[in-house]
Number of protein chains: 2
Amino acid sequence: MATIKDVARLSGVSIKTVSRVVNNMAEVSPETRQKVQQAILELGYQPNNMARSLVNGRTNTIGVIIPHSADYIFTHPFFTEVLRGIAEVLSANNVNLLLHLAHGRTPYANLYTQRQVDGLILMSIPLGDPNLEGLAASGAPCIGTCRIAENDNSIRWVDADFAGGVEQAMEHLISLGHRHIALLTGPKSLVSVRLREQGYRNSLKKNDLPLVDTYILEGSFTSESGHALAIQAMQLPHPPSALVCGDDMMAFGAVQALKELGRRVPEDVSVVGFDDVSLARFSSPPLTTIRQDTYQKGRIAAEALLSFIRGKNDTAPAQIMLDTSLIVRNSTAPAKHQ
Amino acid sequence: MATIKDVARLSGVSIKTVSRVVNNMAEVSPETRQKVQQAILELGYQPNNMARSLVNGRTNTIGVIIPHSADYIFTHPFFTEVLRGIAEVLSANNVNLLLHLAHGRTPYANLYTQRQVDGLILMSIPLGDPNLEGLAASGAPCIGTCRIAENDNSIRWVDADFAGGVEQAMEHLISLGHRHIALLTGPKSLVSVRLREQGYRNSLKKNDLPLVDTYILEGSFTSESGHALAIQAMQLPHPPSALVCGDDMMAFGAVQALKELGRRVPEDVSVVGFDDVSLARFSSPPLTTIRQDTYQKGRIAAEALLSFIRGKNDTAPAQIMLDTSLIVRNSTAPAKHQ
DNA sequence: GTATTTAATGACAACGTTGTCAGTAAACGT
DNA sequence: ACGTTTACTGACAACGTTGTCATTAAATAC
């Protein structure tokens, strides 16, 4: 493979001059530039990025960290949507995307410490992640597409207003006459899950409805879990007339379970999802859900990180909250008179 | 950030000895090793991978190329499944995954030429991709998770038996009494799409059924396209009684369209998908589909590439064909007597 | 016509590692 | 006691770039 020296030799100039041509620096005479470009073309020369990075200390690569099994990540539409936003922005900026699926093992701060990336985007980090200390110590520029601690402003993030979203769903259901509403949550190790529960509690209080502990069911963000929790909810002494689910996958599983139990959705039981995954409108019945703009979340996070790394961080706020909106489809209906 | 020199200074040995300790080489006395490890710990030293790569010429990174818009890639479950397989294998081998979403613009061979990756995995490459020449010229180790040309053995690949898969679907439909079967295909610039059509034609011939040109409808792998093509098919003078779709997304869209047209699935029209995406069994009706093990495709491709790069390529065949299987659910039923 | 600026170029060090090879001291064989 | 092996160690070059600074020649100023 041709190196800068080969080009220098062929065009009869010094390597420094070749470097100047390659990097489009001003102080090169037109004739020399011409000569060098000819040689570059002839040899098919491409600069070696390892060497470049070594001297200027930048890798032109951003690491995306998702501390879950690839299994979970890629079966879940949420991650791919965020990734889509990130990938688009990085690609447009000619920055490489290094995908790091560290489920617990490798301390991901190493990616920065070992100079493999210029910064990190953190997705779906659980509370008390043991890697966070090392991350802070490393000084790696980073941003989360989720909140990482409940009241921590030390790390920047872009995230949806989960509490507000669930409140919207609750208001919708309550206005339809529902009084017995269960919450099917994801793992409470995630701040977003806690915030959803917060929204649920807020709405109950605001509407003078009692908080029934057994109506809060913890699971995981999978259709299987939604399926199991829905059955559990329906076997309660006083089964709820509506289910608010942590995400759309859970909602799909819940709808399936309700059908299997012989309950009609939405006539017998209303179901609300969260995310507005693209398939939500093709499911049957089309799913009422709280839309968060997951794609924008990815875009904004990537843009914020890039501009921070490039030193334009003065203006950008450290934390960015994105709105949610309720999309009413056909999985919710007025409560049956009891 | 601490370098190898700092460690050498602190522990009172040469940098070469530190290097030996870091790389676990044998010829270091226990006491020296102890001393050096102490210093490494104290300074929090991490070797700089740029420098390492520069000298030994390996990046420990594999590039995954998907020449489509991120938009398309990440809304389509197929890609994420392959990625899941790839990511798992690479992660287990401690190899980084560089995601490159080059929709046409950047010649992706550059990733190798510029020494950013040790090899490439190519996904969903269209026929006549202008980057392929450059790729061959670069000598980059690579493998496709799709066939890239119709009769080209120069590039290794792992792919499903699309023709065979469609034949299975056709046999199923024909055995249910269907005689008017339409094929809703993806873009014919993909070899896989042509192979599906080949399977369709094979089955017709084998069963002495006429080939009706208007029954082959070309679109793209999206639910929107499936929706549009299904309407188109149903507006034909002799509408088909069954639709074989290029993938599950198209099938979902087709089912939706049929519902909108007042046709029941499967009573009036049977629909078969392709892929067996995880949501296929939650759709309504649950989708009959041709399963390809997309996840395994990713795993196998990654493993084959790694072992090729590591020089154990003698045994592995250059091309690997994966079986498909028909999963019969509720979107297909006997043809109505006409 | 001389001093001063400007434009273009190259020699060399530096980035942080690993590879090559030579060196030293201890252990061994006879 | 002397040569030979063995175990350990370090000096130095190399990887392919870019940054610093010096050098040269031409252009400009007075």
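Read-outs: derived from the displayed coordinates by stated rules, not from any lab. Since the structure is predicted, the reported quantities are computational estimates derived from the model, not experimental observations. Quick reminder, even Gly has a Cβ in these numbers, built from the backbone with ideal geometry, and neighbours come from all protein chains shown.
General observations
- Going by neighbour counts of Cβ atoms within 10 Å, the residues B:Ile327, B:Ile62 line up, fewest first, as B:Ile327, B:Ile62.
- Spread of Cα-to-Cα distances over 5 Å intervals beginning at zero, given as percent, for the range A:2-131: 2, 9, 16, 14, 13, 11, 9, 8, 8, 6, 4, 1, 0
- Rg of the Cα atoms in the range A:81-128, relative to 2.2 N^0.38 Å, amounts to 1.24.
- Scaled against 2.2 N^0.38 Å for its residue count N, the alpha carbon radius of gyration of the protein assembly as shown is 1.08.
- Against the empirical 2.2 N^0.38 Å (N residues), the range A:250-315 has a Cα radius of gyration ratio of 1.72.
- The label-point distance for B:Val328 and A:His337, in a model that sets each label 7 Å from Cα toward Cβ, rounds to 4.8 nm.
- Remark: the B:Glu27-B:Asn56 segment gains 8.4 nm on full extension, using 0.36 nm per residue and subtracting the alpha carbon distance.
- The range A:164-248: C-alpha gyration tensor shape, a/c 1.5 cut-off, then a/b vs b/c: oblate
- Rounded if a/c under 1.5, otherwise prolate or oblate - the range B:210-290, Cα gyration tensor axes: prolate
- Rg over Rh for the range A:4-47 works out to 0.90, using Cα positions for both radii and the Kirkwood form for Rh.
- Among B:Gly262, B:Gly186, B:Gly164, the residue with the largest mean-square fluctuation in a Gaussian network model of chain B, with springs joining Cα atoms closer than 10 Å, is B:Gly262.
- Neighbours of B:Val22, meaning other residues whose beta-carbon lies under 12 angstrom from its beta-carbon, give a summed charge of +4 when Lys and Arg score +1 and Asp and Glu score -1.
- Positive minus negative residues near A:Gln46 (Lys, Arg vs Asp, Glu; Cβ under 12 Å): +1
- Size of charge dipole - the range A:176-278 - debye, nearest 20, with Cβ of Lys, Arg +1 and Asp, Glu -1, no other charges: 340
- Environment charge of B:Ile216, counting only residues whose C-beta is closer than 12 Å and scoring Lys/Arg +1, Asp/Glu -1: +1
- Taking the helices alone, chain B has a mean residue ellipticity at 222 nm of -13000 deg cm²/dmol, built from -39,500 (n - 2.57) per DSSP H run of at least 4 residues and averaged over all its residues.
- Candidates B:Gly186, B:Gln292, B:Asn110 compared by Cα position along the dipole of chain B: farthest toward the positive end lies B:Asn110, with charges placed on Cβ.
- Placing unit charges on the Cβ atoms only, positive for Lys and Arg and negative for Asp and Glu, gives the range B:1-152 a dipole magnitude near 740 debye about its Cα centre.
- Relative contact order for the range A:97-182: 22 percent, from Cα pairs under 8 Å spaced at least 6 residues apart, divided by residue count.
- Ordering B:Lys35, B:Lys259 by the number of other Cβ atoms within 10 Å of each residue's own Cβ, fewest first, gives B:Lys259, B:Lys35.
- Charge dipole of the range B:4-47 (Cα centre as origin; +1 on each Lys and Arg Cβ, -1 on each Asp and Glu Cβ, all else neutral): 100 debye, rounded to the nearest 20.
- In this structure, the pairs whose alpha-carbon distance is over 29 Å, taken from A:Lys259/B:Lys259; B:Lys297/B:Lys336; A:Lys5/B:Lys35, are B:Lys297/B:Lys336; A:Lys5/B:Lys35.
- Per residue, the average separation of C-alpha pairs within less than 8 Å and at least 6 apart gives the range A:4-47 a relative contact order of 43 percent.
- Cα-based reach from B:Lys188 at 14 Å (exclusive), listing aspartates and glutamates while leaving out same-chain residues under 8 positions away: B:Asp129, B:Glu150, B:Glu197, B:Glu218, B:Asp247
- Highest GNM mean-square fluctuation among A:Asp248, A:Asp161, A:Asp268, for chain A modelled with Cα contacts below 10 Å: A:Asp268.
- Scattering profile of chain A at q = 0.08, 0.15 Å⁻¹ [log10 I(q)/I(0), Debye over alpha-carbon scatterers]: -0.49, -1.15
- Calculated FRET efficiency for the pair B:Leu261/B:Asn93, C-beta based, R₀ 51 Å, to 0.05: 0.50
- Theoretical gain in end-to-end length, A:Gln296 to A:Gln37 [0.36 nm per residue, Cα-Cα removed]: 89.1 nm
- Dipole of chain B computed with +1 at Lys/Arg Cβ and -1 at Asp/Glu Cβ about the Cα centre; of B:Val166, B:Tyr200, B:Ile66, farthest Cα towards the positive end is B:Ile66.
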